[in-house]
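The values are calculated or read from the model by the stated rules, or taken from the named source; none is laboratory data. Keep in mind that what you see is a predicted model, and the values were worked out from it rather than measured. Neighbour counts are summed over all protein chains in view; Cβ atoms, including those assigned to glycine, are modelled from backbone coordinates with ideal geometry. Only protein heavy atoms, including side chains, enter the accessible area calculation; ligands, DNA and RNA are left aside. Shrake-Rupley method; radii C 1.70, N 1.55, O 1.52, S 1.80 Å.
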Amino acid sequence: MSKVQKALLGGSCLFFAGTIYSLFYFEIYLIVLFLFLHSLCLLVFTYLVFSNASRDERFMETYHQDIGVEMADKDSEINELKSAISAKDSEIEDITRESDSLREENKRLKTELADLTKEKEAYEEKSRAEEASHEAAVRGLLPPLSEGTDGRETVNIIAIAKQASDELMESARAVGLHVSVSTQGDTLLVRADPNRLIVLFRNIIDNSIKYMKRQGSLVITISTIGDDIFIVLKDTGEGLNEDETKHIFELNFQGSNRISGNGLGLAQARAIVESYGGTIYAKSTEGKGMGIYIQLPA
């Protein structure tokens, strides 16, 4: 209750007491005056009471509305937080699944790596065995060194090629094969064993004599490029197809045009070339002859 309301209520009580007192001691107009003032105070008091109550009711209504709006905002925020939490939970589940997938992939890769490592070790072991076997085969195929040499004599490879050609000249003529040696000079020195070099040329020339099967020629070209010596022995015989040409240096290999023999000649030629750190390969087209290509360190 406000101070004004208290004053009005007190004044009403006071004027009511004055009205009662006037009934006994004052004239009628004073009685009416006190009664009027008493009623006026009560009316004003009543007005203020109802006015404050209405204002309080409007305040409470507004307050309730504000609370409702705030609660709606809070509910919206809560729903947004729930949605955010749900989204984060979904992200966490996705990350967990991805992490599980990555762990499985990691396990798979580790297993594959272990398998590949085993395969590599097995391959390396097999390669070492094959290399050792090949080295043993090469040593077994190599002809003996010239007497009193260590296999690294300084020799004229052109002279050795001509010597091998001369030794097989009669056999070549018998089948209509003309053998010639083509060089830019008469001397080309190489560190090798003369006996093994002459076997190298003999085997290749003899191979052409066996498989020519028609008149033709074998040209032996010897040249240098840098520090290497290149030897090409190209004949005009029937040749071989590409698949068979890949195998002609293998021991005991005989192609579709095979004749009597043990297939030792070209395998021994490869062993001699490789023993000096060189390379040898063949190119042939069926019906157009055979070419043997040799590279040797000078």
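Whether any residue in region 144-152 is among the small types (G, A, S), modelled with pLDDT under 80 and open to solvent by 60 Å² or more (accessible area, probe 1.4 Å) is what I want to check. The answer is yes, given that some residue of region 144-152 is among the small types (G, A, S), modelled with pLDDT under 80 and open to solvent by 60 Å² or more (accessible area, probe 1.4 Å).
For the criterion of being assigned to a helix (DSSP H, G or I) and at pLDDT 75 or above, E80 passes.
Do we have S12 as of a type in the set (G, A, S) and at pLDDT below 75 here? Break it down into steps so the answer makes sense when it comes.
Details: of a type in the set (G, A, S): yes; at pLDDT below 75: no.
In short, no.
For the condition among the small types (G, A, S), loosely packed, with under 14 Cβ neighbours inside 10 Å and either modelled with pLDDT under 95 or touching a Lys or Arg at 6+ places or on another chain (Cβ under 6 Å) (or both), G263 does not qualify. Taking first residues from region 1-26 that are closer than 12 Å to F45 by Cβ and partners that are of a type in the set (V, I, T) and part of a helix (DSSP H, G or I), the Cβ contacts under 7 Å between residues at least 6 apart in sequence or on separate chains come to Q5/V49; L8/V44.
Can you name the number of the only condition in (1) at pLDDT 80 or above; (2) surrounded by 11 or more Cβ atoms within 10 Å (Cβ to Cβ) that D56 fails? Evaluating D56 over (1) at pLDDT 80 or above; (2) surrounded by 11 or more Cβ atoms within 10 Å (Cβ to Cβ) leaves (1) as the failure. Filtered by the rule that a residue be open to solvent by 20 Å² or more (accessible area, probe 1.4 Å) and farther than 18 Å from G265 by Cα, region 188-212 gives L188, L189, R191. Within the bounds of region 42-49, is there any residue that is of a type in the set (F, W, Y), out of contact with any strand residue (DSSP E or B) (no Cβ under 9 Å at 6 or more places or on another chain) and open to solvent by less than 40 Å² (accessible area, probe 1.4 Å)? Scanning region 42-49 turns up at least one residue that is of a type in the set (F, W, Y), out of contact with any strand residue (DSSP E or B) (no Cβ under 9 Å at 6 or more places or on another chain) and open to solvent by less than 40 Å² (accessible area, probe 1.4 Å). Restricting to region 219-250, and then to whatever is among the acidic types (D, E) and under 40 Å from the mean Cα position of the chain (by Cα), can you tell me which residue is surrounded by the most Cβ atoms within 10 Å (Cβ to Cβ)? Restricting to residues being among the acidic types (D, E) and under 40 Å from the mean Cα position of the chain (by Cα), the top hit is E244.
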